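First the structure, in the form of structure tokens, and then the observations on it.
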Amino acid sequence: MKVEEIRKKTVDQLNTELENLYKESFNLRFQKSSGQLENTSRVSKVRKLIARIKTIKNEKVKEN
């Protein structure tokens, strides 16, 4: 997901997206610990995407 796409979303949509990413992050960590994770780069991509969304969400909250 690109920054432009994230900026177009509302705060509620960003919260929903964050919730989904946290779930995905948990599942990826669980797969990693059990040795079933195939795409190891996805873990860092999800972490960075969470950080991007949280940053933009905070910007939107401060504007209002």
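Remarks
- Shown here: Rg and Dmax of the Cα atoms in Å, derived from the displayed model; of the candidates (i) 11.8, 33; (ii) 13.3, 45; (iii) 10.3, 31, it corresponds to (ii).
- On Cα atoms only, tilt of 41-63 relative to the major axis of the chain in degrees: 20 degrees
- If only the Cβ of Lys and Arg carry +1 and only the Cβ of Asp and Glu carry -1, the dipole of the chain around its Cα centre is close to 220 debye.
- The chain: angle of helix 11-34 to the longest principal axis, Cα-based, in degrees nearest 10: 10 degrees
- Between Asn64 and Tyr22, the contour length at 0.36 nm per residue exceeds the Cα-Cα span by 12.6 nm.
Values quoted throughout were computed directly from the atomic coordinates according to the rules given, and no laboratory measurement underlies them. For clarity, every value in this text was computed on a predicted model and none was experimentally measured. Neighbour counts are summed over all protein chains in view; Cβ atoms, including those assigned to glycine, are modelled from backbone coordinates with ideal geometry.
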